[in-house]
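Structure first, commentary second.
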Amino acid sequence: MVFPVKTTGSFFFRMFGVYLLLTFSFPALAALPEVISQIKPSIVGVGTYQKLATPRASLTGTGFAIGDGSLIATNNHVVPATIAANKNTAFVVFVGTGNTPDIRPAHLVARDTEHDLALLRISGPPLPPLRLSARQVREGEMYSFTGFPIGAILGLYPVTHRGMVSSITPIAIPARTAKELSVSRLNHLKNPFFVYQLDATAYPGNSGSPVYSQDNGEVIAIINKVLVQNSKENALTHPSAITYAVPVRHLSQLLATQP
């Protein structure tokens with residue numbers, strides 16, 4: 001009679017120890033589902049809408065609300081240089097989830113071509129703005145990012161990935177030969193800055209997705225593959241699947257230029 005009681009007690013304390021370990025050693029993992037639910041209402045699709053076309057919507061990237069909730073941050077390369085001459089085409093953001101998102105006209109208010117960032121202004125009720133972090137990011141830290149990796153093929157459904165900051169690396173590396181040089185690469189070699197390399201896979205539709213802390217949702221970077229690959233990997237015939245992100249301080253500087 002005594003032996004089973006000791007076994008049960010020992011098992012209880014072992015399980016309680018595991019519970020404490022999971023709860024207090026990995027608080028970010030415990031908080032992540034709640035953080036994702038708070039982040040998603042701030043995530044939007046960026047693209048164009050043409051009511052007479054098939055399909056009507058074209059998603060070029062992801063954006064997220066900042067500032068007063070009427071500003072959308074995204075990559076500069078997802079913003080069309082010019083809108084088609086057809087008056088039925090509009091530059092828009094897609095708000096909400098599912099097959100019937102709220103389609104809101106957007107207009108460009110600021111560009112940062114060096115860091116491939118853009119700010120858009122939308123009308124209508126403000127969205128919940130995300131906070132921009134001032135923390136120092138370190139290699140080995142885990143973060144998440146949310147966006148639209150396959151566009152709106154299946155409807156507007158935000159997808160979350162997570163990964164480690166595997167390197168903090170220069171935007172461009174010296175060329176081995178003159179053939180590897182481009183105007184963009186030369187500019188970045190003259191004005192270098194660092195970007196984050198992540199061990200998580202992002203896809204073209206993820207451009208403009210916020211990279212955020214898993215414990216509080218503060219944004220530390222913006223996903224970007226085009227800018228960095230054109231600077232670091234333009235010598236490769238088939239650019240890698242490595243994911244890069246632009247530190248959020250550059251977005252904070254762009255936001256500070258707004259009245």
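Things worth noting here:
- Filter result for ARG121 (part of a strand (DSSP E or B), open to solvent by 60 Å² or more (accessible area, probe 1.4 Å), in contact (Cβ under 8 Å) with a residue 40 or more places away in the chain and under 21 Å from ALA256 (Cβ atoms)): yes
- Subset of segment 100-118 [assigned to a loop (DSSP other than H, G, I, E, B), in contact with a Leu (Cβ under 6 Å, 6 or more places away or on another chain) and farther than 15 Å from GLN253 by Cβ]: PRO101
- Residues in segment 239-258 that are at pLDDT 90 or above, open to solvent by 60 Å² or more (accessible area, probe 1.4 Å) and under 21 Å from MET142 (Cβ atoms): 1 in all.
- Considering the conditions (1) modelled with pLDDT of 95 or more; (2) open to solvent by 60 Å² or more (accessible area, probe 1.4 Å); (3) more than 17 Å from TYR196 (Cβ to Cβ), ARG138 is excluded by exactly one of them, (3).
- Candidate set from segment 142-154 (those that are part of a loop (DSSP other than H, G, I, E, B) and open to solvent by less than 40 Å² (accessible area, probe 1.4 Å)); member that is modelled with the lowest pLDDT: GLY151
- Restricting attention to segment 48-91, the residues that are under 19 Å from ASP116 (Cα atoms) and among the aliphatic types (A, V, I, L, M) add up to 10.
- The one condition from (1) out of contact with any Leu (no Cβ under 7 Å at 6 or more places or on another chain); (2) modelled with pLDDT under 95; (3) surrounded by fewer than 20 Cβ atoms within 10 Å (Cβ to Cβ) that SER70 does not meet is (2).
The values are calculated or read from the model by the stated rules, or taken from the named source; none is laboratory data. Keep in mind the model is a prediction, meaning the values are calculated, not measured. Cβ: placed from backbone, ideal geometry, glycine included. Neighbour counts: every protein chain shown. Calculation scope for accessible area: heavy atoms of the full protein, side chains included, ligands and nucleic acids excluded. Shrake-Rupley method; radii C 1.70, N 1.55, O 1.52, S 1.80 Å.
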